[in-house]
1. Would you check if there is a residue in the stretch 95-106 being closer than 24 Å to LYS21 by Cβ and hydrophobic (A, V, I, L, M, F, W, C)?
2. Need the failing condition index for TYR111 against (1) part of a helix (DSSP H, G or I); (2) touching a residue at least 60 places away in the same chain (Cβ under 8 Å), just the number.
3. Can you go through ALA73, ALA99, ALA69 and tell me which one is open to solvent by 50 Å² or more (accessible area, probe 1.4 Å) and among the small types (Gly, Ala, Ser)?
4. Select from the stretch 76-93 the residues that are out of contact with any helix residue (DSSP H, G or I) (no Cβ under 6 Å at 6 or more places or on another chain) and open to solvent by less than 10 Å² (accessible area, probe 1.4 Å) and write down the one among them that is nearest to ASP127 (Cα to Cα).
5. Filter the stretch 65-89 down to the residues that are part of a loop (DSSP other than H, G, I, E, B), closer than 13 Å to PHE110 by Cβ and aliphatic (A, V, I, L, M) and list them by number.
6. Looking at GLN120, is it free of Cβ contacts under 8 Å to residues at least 24 places away in the same chain and either within 15 Å of the chain's Cα centre (by Cα) or open to solvent by 10 Å² or more (accessible area, probe 1.4 Å) (or both)?
7. Specify which of the listed residues (PHE118, PHE97) is aromatic (Phe, Trp, Tyr), modelled with pLDDT of 95 or more and in a strand (DSSP E or B).
Amino acid sequence: MELKKYKLGEIAEIIPGYAFKSTDFGSGNNIAIKIKDISPYSVDVNSADRVSYSPNEKFKVIYGDYVMAMTGATIGKVGRILSHEDNLYINQRVCKFVAKENICNKDYLFYILNTNNFKQFVYNNIDSKAAQPNIGHPTLYKYDILLPDLISQQRIASILSSIDEKITLNRAINQNLATPDHSLVMVEVRRAA
């Protein structure tokens, strides 16, 4: 398999989030994805803040998109949107990646952005260390990536996605097993009494 070297800026567009006003938060039909909502590999929209303002469509994220924290102690963490809601927008200091489909498979890029190599690049290239670390999208664009051909990317991403689905299913099963069924506990307590 032949690999070709690219800069991240050659294979993807990085869109930084919208700077919502503090008055936008608290109510509304839209959801603002903040850094706190990103946990490695996914985004929790259930605890995300509601906003009343609808920014430009470029700030919108949909199922399968992924975002990254650009500031703070968790700078570089990447999570995928797993919600089917159509009212999700990225907040400032969160960015989304849009792969150029003729060069890079979207899912393949997600796995590249979750490698230790990419995380190390982020930590080594922080633009500002003042109060908290920050990285800008122009710096992210400089990251070097070795890509196989598009068909190989799709095959690799498909295998990794299949493994991720199995891991997610196993976690759900384990969580269900760990959560006691209180109705069964009450029946046992009554029998014992």
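The values are calculated or read from the model by the stated rules, or taken from the named source; none is laboratory data. Being a predicted model, the structure only gives us computed values, none of them experimental. Positions of Cβ are backbone-derived with ideal geometry, glycine not excepted, and every protein chain shown enters the neighbour counts. Heavy atoms of the whole protein, side chains included, go into the accessibility calculation; ligands, DNA and RNA do not. Shrake-Rupley method; radii C 1.70, N 1.55, O 1.52, S 1.80 Å.
1. For the stretch 95-106, residues closer than 24 Å to LYS21 by Cβ and hydrophobic (A, V, I, L, M, F, W, C): present.
2. Unmet for TYR111, out of (1) part of a helix (DSSP H, G or I); (2) touching a residue at least 60 places away in the same chain (Cβ under 8 Å): (2).
3. Of ALA73, ALA99, ALA69, the one residue that is open to solvent by 50 Å² or more (accessible area, probe 1.4 Å) and among the small types (Gly, Ala, Ser) is ALA73.
4. GLY79
5. Once the filter is applied, which keeps residues that are part of a loop (DSSP other than H, G, I, E, B), closer than 13 Å to PHE110 by Cβ and aliphatic (A, V, I, L, M), the stretch 65-89 yields only LEU82.
6. yes
7. Matching residue, one of PHE118, PHE97: PHE97.
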